[in-house]
Amino acid sequence: MKPELINTLKTYNSKQFFSDLIAGVIVGIVALPLAIAFAIASGVNPSAGLYTAIIAGFCISAFGGSRVQIGGPTGAFAVIVYSVVAQYGVSGLATATLMAGIILIFLGIFKMGGLVKFIPYTIVTGFTAGIAVTIAFGQLGDFFGLSPDFSTPMTILGEEYSKMPGDFLPKMIAYVKSAASVNWYSFGMAAVCLAFIFIWSKFIKKIPGSFVVIILATVVNIILEKTCNLHTDTIGKFANGMEHYVIPTTLPVPQLPDFSIKTITSLFPTAISIAVLAAIESLLSAVVADGMTGSKHDSNMELIAQGVANIASPIFQGIPATGAIARTATNIKNGGRTPVAGIIHAVTLLLILLFAGKYASYIPMPALAAVLINVAWNMAGFSAIKTLLKGQKSDICVFLVTFFITIFVDLTVAIEVGLGFAAFFFIKKMIDLSEVQNERDVITGGIKSDQPAENLDIPKDCFVYEIEGPLFFGTVRKFELATERAQANCKVLILRMRNTIYIDAGGIKALEQAKAAFDRKGITIVISGIHTQPYLLLEKTGMADKLGRENIYDNINSALNRAREIIGTQEKSKDSGSGPE
C-alpha cells in the first residue's frame, strides 16, 4: 500500500499543477460555507468545521488511496455528532472520533476495505436518504427564525428539555411548540437564498451558488440591519446559544482528549458507528470518483488515510471527517486529477481562516439553513429511490426499514437492522429459487433459459463472460473486476447469464455502472440467456431499455450474431470515415 500522492508525483508536471491549483482553490471556496454549516448542524462551534476541513482535508489527500478524493466534515455525520455532543459533550466527541480513527487504520492495515462492498445498496440508499431528511428538517428552526423558549424546561413526550433535543421527533415537536415565534425576515431571507441556489445551479456550474449566496446574504443582512432595523441570528450572534461568537483566525494548539477507561468503554459503540460511516461514505465517494475519472483507488490505503484524518482532526478541535462526494465531484469537474488539488483546497481554507475568518461571524443563520437544505436535497438520491421503489418488495422493505430507523432511532441501529433484513430476504430468496432451479423451460416475456452450445464461433473483437450464480450485493465486486478487465480491447461484451437465477438492486446498479463505463469506451453490452427474475427486474427498473431490447437474447448463438452485426457496423463506419472528403 502506498499513498496516491507518491504515485502521481512521479510524472507530475507544471500543466497538471495549474489544473490542480484552479480545482483546489474552487473546492476550497465551495467547502467554506459547507464546513461552517455542518459544524453548526452538528451542535459544535462553527470554527470546528473549518479546522476539520483544513486538517482532515489535508490528511485525506496526502495519505489517501484515491487521486481525487476531497475530505472534510459531511452531512452524514451531523446526526451522530449532535447526539454525541448532547450526551457526552465536545470532549466525548473528540475521544470517540480519535478512537474511530484508530479503528479505521486497523481496518486498512488488515485489508478490510473490500468488506464495505458487502453492505447492500438498499441499506446505503436508505440511511443516506434518512440522514438527508434529518438534516433538512433540522434546519427548520433557522429557516423560519424560530426562538424556542427553554428558560423553563419544555415538556416533550413526557420528558423535560432545557435545550434543543437531539432526537428527530422531540426536535420537531419543539419547533411546532415555538411556531408562534416565527421571524418573517429570517424566513424570507432563507426562502430567497434557497431559490437562488437552485436557480443558480441551473445556469452556472463553475462558481458554487452556496458560496455566492452566503456572501450576498451577509452583505444584504448588514445593510438591512442598519437601515431597516431588521434582525436575524448570525454566526456571531446566538450561534449555539452564545452571543458575539467570533471564529478564531489561527489554528488551535494540539490537545489530546480524555482517554480514561470509563470514557473509552462508554464511547466505544459510538466510535464504531463513526468508523463504519466514515468507511462507507469515503469508499462510496472513491468509487464515484473512479467512475468519473477512469482511475482506480486503493480502498485499504484510503481507510488508513481516513483513520489518520480522524485522529488528527479532534486533536485540533475538529469533528469526524470523511470523503465528500459533492466536493470530490467538484474537484474532478474543475480539472483536479491528483492529491495536490486536495492539499491546495486545505491550504485555501487555511488562508481564508487566517485572513478572513473574523468576517464569518456576520453570516446569517437562515442563509446557512438554505445551504444545508440544498445539500440534503442533493444528498437524498431521489433517482436511486425511484428506481428502488420500482423493484422487488424485499429491496423496498430493506430500504424503508433503514430509512425510518435512521430518522427516528439511530444510524447504527438502522445499519444493523437493515443488514438483518437484507440477509433474511436473501436467504429466503435463495431457498425459493433453489426449489425451481430445475424448471429450465419457464418462459416469461419471450425470454427463456439459454441452451449449452459447443464450439462457439466468437468474433475477434468480442468477449464472452459467463456469470455463475446470483448477481447480488455479495458478488457485485467480482462482476466489477471482470468487466474492468473486459474493457481492454473489445467492441462487444456478451454477458452470459444462463446460470444467473437471481439479481438484486445492487446487481442492477453494477450493470448500470458497467453500461456507463462501457459507453464511454464505445463498447456494447449484449445479454444472453437471462432468467425470469433478472429479466423482470430489468423491466421494472427500466434497465432493459437502457441496455437496449435489441441486445437481450434467449441464446448464445443469437447474441453472437448480434455481436457480429455491431462489429461489422462499426468497421463500415470506420472505413467510410477514413476516405478522402
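The values are calculated or read from the model by the stated rules, or taken from the named source; none is laboratory data. Just so it is clear, the model here is predicted, and its values are computed rather than measured. With ideal geometry, Cβ positions are generated from the backbone for all residues, glycine too; neighbour counts draw on all protein chains shown. Note: accessible area is taken over every heavy atom of the protein model, side chains too, but ligands, DNA and RNA are not part of it. Shrake-Rupley method; radii C 1.70, N 1.55, O 1.52, S 1.80 Å.
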Residues of the stretch 305-319 being open to solvent by 20 Å² or more (accessible area, probe 1.4 Å) and under 11 Å from Ile105 (Cβ atoms), in sequence order, are Val308, Ile311
Among the residues in the stretch 320-329, are any at pLDDT 95 or above and surrounded by fewer than 24 Cβ atoms within 10 Å (Cβ to Cβ)? no
For the stretch 478-581, list the helices (runs of 4 or more DSSP H) that sit wholly inside it and hold at least 1 residues that are open to solvent by less than 10 Å² (accessible area, probe 1.4 Å), closer than 23 Å to Phe426 by Cβ and modelled with pLDDT of 85 or more; which are they? 505-520, 532-541, 543-547
Of the numbered conditions (1) surrounded by fewer than 24 Cβ atoms within 10 Å (Cβ to Cβ); (2) small (Gly, Ala, Ser); (3) modelled with pLDDT of 90 or more, Ala367 fails exactly one; give the number of that condition. (1)
Could you count how many residues in the stretch 29-85 are more than 16 Å from Leu5 (Cβ to Cβ) and either in contact with a strand residue (DSSP E or B) (Cβ under 9 Å, 6 or more places away or on another chain) or free of Cβ contacts under 8 Å to residues at least 24 places away in the same chain (or both)? 16
On the basis of being open to solvent by less than 10 Å² (accessible area, probe 1.4 Å), closer than 30 Å to Tyr185 by Cα and within 20 Å of the chain's Cα centre (by Cα), does Leu353 make the cut? no
Could you tell me whether any residue of the stretch 294-304 is open to solvent by less than 10 Å² (accessible area, probe 1.4 Å) and at pLDDT 90 or above? yes
Search the stretch 108-123 for residues that are open to solvent by 30 Å² or more (accessible area, probe 1.4 Å) and in a helix (DSSP H, G or I) and pair each with any residue that is at pLDDT 80 or above and of a type in the set (D, E, K, R) when their beta-carbon atoms are under 7 Å apart and the residues are at least 6 apart or on different chains. Tyr121/Lys509
Any residue at all in the stretch 28-45 that is under 26 Å from Lys296 (Cβ atoms), of a type in the set (A, V, I, L, M, F, W, C) and under 16 Å from the mean Cα position of the chain (by Cα)? yes
Taking the stretch 1-28 and the residues there that are of a type in the set (A, V, I, L, M) and buried (at least 19 other Cβ atoms within 10 Å of the Cβ), the one that is farthest from Leu351 (Cα to Cα) would be Leu5
Mind listing whichever residues of the stretch 151-181 are surrounded by 15 or more Cβ atoms within 10 Å (Cβ to Cβ), more than 25 Å from the chain's Cα centre (by Cα) and outside any helix (DSSP H, G or I)? Met154, Ile156, Tyr161, Met164, Pro165, Ser178
Pairs where the first residue, in the stretch 1-19, is over 11 Å from Thr338 (Cβ atoms) and the second is of a type in the set (Val, Ile, Thr) and surrounded by 10 or more Cβ atoms within 10 Å (Cβ to Cβ), C-beta under 8 Å, 6+ apart: Met1/Ile304
Condition first: open to solvent by 30 Å² or more (accessible area, probe 1.4 Å), over 20 Å from Ala305 (Cβ atoms) and part of a loop (DSSP other than H, G, I, E, B). Now tell me which residues in the stretch 252-293 satisfy that. Val253, Gln255, Leu256, Asp258, Phe259, Ser260
